[in-house]
1. Checking Ala221 against (1) within 21 Å of Asp284 (Cα to Cα); (2) hydrophobic (A, V, I, L, M, F, W, C); (3) exposed (fewer than 13 other Cβ atoms within 10 Å of the Cβ), which single condition isn't satisfied?
2. Tell me which strands (runs of 3 or more DSSP E) are completely within segment 181-299 and hold 1 or more residues being touching a residue at least 60 places away in the same chain (Cβ under 8 Å), or say none if there are none.
3. Quick one: in segment 262-299, which of the residues that are more than 17 Å from Phe202 (Cβ to Cβ) and under 44 Å from the mean Cα position of the chain (by Cα) is surrounded by the most Cβ atoms within 10 Å (Cβ to Cβ)?
4. Scan segment 208-232 for residues that are of a type in the set (D, E, K, R) and under 14 Å from Pro275 (Cα atoms) and report the count.
5. Quick one: Gly171 ticks every box in (1) open to solvent by 20 Å² or more (accessible area, probe 1.4 Å); (2) over 42 Å from the mean Cα position of the chain (by Cα); (3) in contact (Cβ under 8 Å) with a residue 40 or more places away in the chain; (4) closer than 24 Å to Tyr295 by Cα except a single one, so which number is it?
Amino acid sequence: MSVTVFIQSRNGAKRWQPGKRWLLLPALLIAAGIGIYEHNEQQLHQQQVNVDGEKAARQEQQKELVELKNATASQLSMLATHVARMQAKLTRLEALGQQVAQTNKLDDQFDFSDEVGVGGLSDIGANIEIEQLLADMDSLVSRIDKNNVQLSLLETVSSNLHIDKERYISGRPITKGWLSSHFGFRNDPFNGRRAFHKGIDFAGKDGSEVVSTGGGVVTWAGPRFGYGELVEIDHGNGLRTRYGHNKALLVHVGDVVAKGEDIAVMGSTGRSTGPHVHYEVLRDGKQIDPKTFVYRKAG
C-alpha cells in the first residue's frame with residue numbers, strides 16, 4: 001500500500017509520495033498520547049487511593065482515641081468507686097479497732113481515729129481527678145499500715161490479757177453426768193484388788209459431750225493402752241489434762257482448743273465397765289488430784 005500526496009504551488013502541482021516511516025508517525029503519536037493518558041490516569045487513581053487510605057486511617061485513629069478516652073473515663077470512675085469502698089471498709093475497721101481497744105481498756109494507748117495528713121499542689125482540669133485519686137490511695141495505704149501495726153500490737157496485748165483466763169483449768173469435763181469415782185486408792189472394778197486411781201471418773205449417757213476444761217493444744221488424740229480413745233491437752237506451765245474411754249474423738253493432734261469446747265463423745269472404750277470419762281490432771285508429767293480444779297471458781 002502506498003500514499004501519494006499532491007502539493008499545489010505557483011509552479012504547478014508537485015507529487016510527493018511519503019515513505020513507510022512517515023506513515024507510521026501518526027500511529028506512534030496516537031500510541032504515545034494514549035500511553036501518557038493512561039499513565040496520568042494511573043497516577044491520579046493511585047493518589048486517590050492514597051488519599052482515601054489516609055482518610056480511613058485518620059478516621060480509625062479518631063475512633064481509637066474516642067474509645068481510649070471512654071475507657072479511661074470508665075476506669076477512672078471504677079477506680080474512684082473502688083477507693084470509696086476501701087475508705088468505707090477502712091472506716092469500719094478503724095471503728096472496730098477502737099471498740100476493741102475500749103473493751104480492753106486500751107483506748108488511751110491505741111488511737112484509731114487519728115487521720116494521716118496528706119497534701120500537695122494540684123493542677124486544674126482533668127489532672128485534679130487523677131492526682132486526687134492517687135492522693136486518696138496514698139492516704140489509704142498509710143492508714144492501713146498504721147492500723148495494721150496498732151491492731152497487731154492490740155492483738156498481742158489482748159491475747160496476753162486473756163490467755164491466762166483461757167488456760168485456767170476449772171470445771172467438769174462433761175455437760176451432763178455425775179462423779180462416779182474419786183482420785184486415790186479404791187477397789188479395782190475388774191479384780192476387786194486395792195489399786196490407786198490416778199484420776200476422777202464422770203459417768204453419763206453414752207454419746208454425751210466431753211469438753212475441755214481449759215484452752216490448750218492437743219498432744220494426743222487416739223487409742224492408748226488402758227485409756228481407750230484418749231485426748232490429751234497441754235495447757236502450758238507444765239499442766240496437762242487427759243480425757244479417756246471416749247466413744248469418738250472430735251479433735252486431732254496439733255489442734256488448738258478453747259475452754260469448754262467439745263473434744264470427744266462419751267463412751268466405754270479401753271478398760272471400762274460403762275459409759276464415762278476418765279479425767280486426769282498432770283503437773284510436770286505427774287498425776288495430781290483433779291478435784292481442786294473441778295471445784296475451783298472459773299477464772
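The values are calculated or read from the model by the stated rules, or taken from the named source; none is laboratory data. Predicted model, so just to flag it, every value in this text is computed and none were measured. Please note: Cβ atoms are built from the backbone with ideal geometry, for glycine as well, and neighbour counts cover all protein chains shown. These accessible areas exclude ligands, DNA and RNA; they are computed on the full protein's heavy atoms, side chains included. Shrake-Rupley method; radii C 1.70, N 1.55, O 1.52, S 1.80 Å.
1. Ala221 satisfies all of (1) within 21 Å of Asp284 (Cα to Cα); (2) hydrophobic (A, V, I, L, M, F, W, C); (3) exposed (fewer than 13 other Cβ atoms within 10 Å of the Cβ) except (3).
2. Values: elements: 184-187, 194-197, 200-203, 209-211, 216-224, 228-236, 239-249, 262-266, 276-283, 286-288.
In segment 181-299, the matching strands (runs of 3 or more DSSP E) lie at 184-187, 200-203, 209-211, 228-236, 239-249, 262-266, 276-283, 286-288.
3. Leu282
4. Counting residues in segment 208-232 that are of a type in the set (D, E, K, R) and under 14 Å from Pro275 (Cα atoms) gives 2.
5. All conditions pass for Gly171, except number (2).
Conditions tested, residue by residue: (1) among the basic types (Lys, Arg); (2) part of a helix (DSSP H, G or I); (3) within 30 Å of Ala135 (Cβ to Cβ); (4) at pLDDT 70 or above.
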residue	(1), (2), (3), (4)
His39	no, yes, no, yes
Val49	no, yes, no, yes
Gly53	no, yes, no, yes
Arg58	yes, yes, no, yes
Glu67	no, yes, yes, yes
Thr72	no, yes, yes, yes
Gln75	no, yes, yes, yes
Met78	no, yes, yes, yes
